[in-house]
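**Student:** Before anything else, here's the structure in question.
Every read-out reported here was derived from the displayed coordinates using simple, explicitly stated rules and does not represent laboratory data. Please read these numbers as outputs of a predicted model, since none were measured by experiment. Because the Cβ atoms are built from the backbone with ideal geometry, glycine has one as well, and the counts that use them run over all protein chains shown.
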Amino acid sequence: MTIREARIQGAGRLKDGGIETPSLDASLLLAFILKTTRDKLILRDAETLNEDAARDFTHLLDRRLVGVCTAYILGRKEFHGLDFTVTPDVLVPRPDTETLVDAALAALPLPLTEDVPQPVLDLCTGSGAVAIALKHERPSLEVYASDISPKALAIARENARRLLGNAEAIHFLVGDLFNAAPYPLFSSITANPPYVASGEITGLTREVRGEPLEALDGGTDGLDLIRRIIADAPAHLLPGGSLLMEADPRQMAAITLILEKKEYRDIRIYQDLSGRDRVIESRVPGCAQLG
């Protein structure tokens, strides 16, 4: 069997099993087995796939068909141009969340220099994707990242070590939201908190249901942690500092109302790559925008 034949047959199995992206997943899994990239895999189409590789490929297809997401099988996921380690202890970073990184970078006060520390805090950091992407883009930032899960933070530290060259490049904090934050005031606070309504969990795909429940379940209406963040953020933001949160597009109107009732100002919504409302930015009461 050639690599091309194996790839086509594998995609067929995944398609028959109801996988939404069968060709992509089959290519990624086969490339993983052959220790190459998806792009380079096509160049090897005419090569013969040996028995050991064929057996391993079948095993990975079997795992995918029972609902294990491709990122967990591969142990990695690309996010904002960086290759993150992921395990079932962390939420898989998604392209939509890159909107949070880009919005946070745009919201940073100027000028941004090495001589002026700019402390930022990333809540519910999980794999560290947002915090590490921010530090990678703006090395002068003093980045803090908190999560309630010690297992998640272990993965985040490993990602910082690999991607930033130093596990201590970011201050990782174990704790519940702001309870872990030792720094009194931040220029910016980002958060990708759990925001799926509890009653919708069972309706998620098998792959998503395999991710950490505590990183998904946002309470009855999905806004439990978002309300807490909005209530507590003003005590942790510098004048002109911004709060940026990812949420479900359907929740943006409700979040805007909560922010307005708490007298936040300069509320702005950013769209993701699909044009859906994905990130909401606001500034603390009584603060003028910096820059």
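**Student:** Going down the table (K135/K261; K135/K262; K151/K261; K15/K151; K15/K40), which pairs top 27 Å between alpha carbons?
**Tutor:** K135/K261; K135/K262; K151/K261; K15/K151
**Student:** What is the projected area of the convex hull of the Cα atoms of the stretch 127-264, averaged over all directions, in nm²?
**Tutor:** 8.9
**Student:** Compute the angle between helix 252-261 and the longest alpha-carbon principal axis of the chain, please, reported from 0 to 90 degrees and rounded to the nearest 10.
**Tutor:** 20
**Student:** Kindly express, to the nearest 10 degrees and within the range 0 to 90, the angle between helix 22-33's C-alpha long axis and the longest C-alpha principal axis of the chain.
**Tutor:** Result, in degrees: 80.
**Student:** Same structure again: No solvent, one uniform scatterer per C-alpha: report log10 I(q)/I(0) for the stretch 1-44 via the Debye equation at q = 0.24 1/Å, two decimals.
**Tutor:** -0.75
**Student:** Roughly how many whole Å is it from the C-alpha centroid of the stretch 218-265 to that of the stretch 143-184?
**Tutor:** The stretch 218-265 and the stretch 143-184 have Cα centres spaced 22 Å from each other.
**Student:** Let me know the charge dipole size of the stretch 1-155 about its Cα centre in debye, to the nearest 20, where only the beta-carbon of Lys, Arg (+1) and Asp, Glu (-1) is charged.
**Tutor:** 480
**Student:** Quick one: work out Rg over Rh on the C-alpha atoms of the chain, Rh as Kirkwood radius. Mind showing how you got there, number by number?
**Tutor:** Working: Rg = 20.8 Å, Rh = 20.3 Å.
In the chain, Rg relative to Rh is 1.02.
**Student:** I would also like to ask the following. Could you work out the percent of alpha carbon pairs in the stretch 168-223 separated by over 20 Å, rounded to a whole number?
**Tutor:** 41
**Student:** Among L177, I148, M1, which residue has its Cα furthest toward the positive end of the charge dipole of the chain, with +1 on Lys/Arg Cβ and -1 on Asp/Glu Cβ?
**Tutor:** M1
**Student:** Something else: How would you rank M1, M245, going from fewest to most other Cβ atoms within 10 Å of each one's own Cβ?
**Tutor:** If I rank by nearby Cβ atoms, fewest first, I get M1, M245.
**Student:** Right, something else. For the stretch 1-157, compute the orientation-averaged projected area of the C-alpha convex hull (one quarter of its surface), in nm².
**Tutor:** Computing the convex hull of the Cα atoms and averaging its projections yields 10.8 nm².
**Student:** What ranking do 165-174, 136-145 get when scored by the average of other Cβ atoms within 10 Å per residue, highest first?
**Tutor:** Result, highest mean Cβ count within 10 Å first: 136-145, 165-174.
**Student:** Please give the contour-minus-distance gain from A106 to D62: 0.36 nm per residue of separation, less the Cα-Cα distance, rounded to one decimal in nm.
**Tutor:** Stretched fully, the A106-D62 segment lengthens by 11.6 nm.
**Student:** Might you report the magnitude of the Cβ-based charge dipole of the stretch 150-262 about its Cα centre, with Lys and Arg at +1 and Asp and Glu at -1, to the nearest 20 debye?
**Tutor:** 200
**Student:** Angle check, please: helix 150-164 long axis (alpha carbons) against the longest principal axis of the chain (alpha carbons), in degrees 0 to 90, nearest 10.
**Tutor:** With both axes taken from Cα atoms, the answer is about 80 degrees.
**Student:** Something else: Tell me, what is the percent relative contact order of the stretch 95-214, built from C-alpha pairs under 8 Å that lie six or more residues apart?
**Tutor:** Working: 179 pairs, mean separation 32.8, N = 120.
It rounds to 27 percent for the stretch 95-214.
**Student:** For the peptides 261-272, 87-98, 121-132, 4-15, what is the packing order when you average, over each peptide's residues, the other Cβ atoms within 10 Å and list the highest mean first?
**Tutor:** Result, highest mean Cβ count within 10 Å first: 121-132, 87-98, 4-15, 261-272.
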